[in-house]
Amino acid sequence: APAVALQTDGGDTLDLGAWLRESEPELNTRLVAPVIETTGDEQADSQATPQAFKAGIARNLEDADFDAHYDLGVAYREMGLFDEAVGEFQKAAHAPGRPLRALEALASCFLERGEPELVLSTLASVAPQLAGGAAPAEEAPRHVALCYLLGAAAQEVGRVEEARSWFLRVLAIDYAFRDAATRLASLSPPAR
């Protein structure tokens, strides 16, 4: 943008844009929180620190920073804060053109929380292209985790034939992927 200069009474010029930029605080990913005073109530004290952390992150993280939301979701998940991780992965899934890694992470959270129906719902939009082979063959290794999650969720809700189909697809791509072979073997034999 072109600089806007103002001339002062003394003949000097002032770059208004630069002056405004200097007066705005710079966003920073470094979180500095005030010291939290302990109250003696252990439960309240243990909740105050994560709340201060989340408030600091919210102040400094833009909604359109999809990579940061994904990374924060991973951090929350590793800390066992699944509700927070889910929220961050949902934000990251809105990334234009590349939401698959966020959808995979989101579905993994739901599976770990014992919510297979949410796994199936989360991946419903990509399941047809995975099942129908619409994705290019060179992308299959990147999609193996999505197929596994769909198989595990289908198995947990009792959709045996659907689970079998997903696990067969996983094994065709990567026979050693997680416990797909064991899960497939544990399914009842197909009806003839």
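All of the numbers you see were taken from the coordinates with simple rules; none came from a lab. Small disclaimer: the values here were computed from a predicted structure and weren't measured. Note: ideal-geometry Cβ built from the backbone for every residue, glycine included; neighbour counts use all protein chains shown.
Couple of notes before you dig in:
- Taking each residue as 0.36 nm, the span from A137 to M79 lengthens on full extension beyond its C-alpha to C-alpha distance by 17.3 nm.
- If you model the range 51-192 as an ellipsoid using its alpha carbon gyration tensor, with each semi-axis the square root of five times an eigenvalue, the axes come out at 31, 17, 12 Å, biggest first.
- Most tightly packed first, judged by the mean number of other beta-carbon atoms within 10 Å of their residues, the peptides 104-115, 141-152 read 141-152, 104-115.
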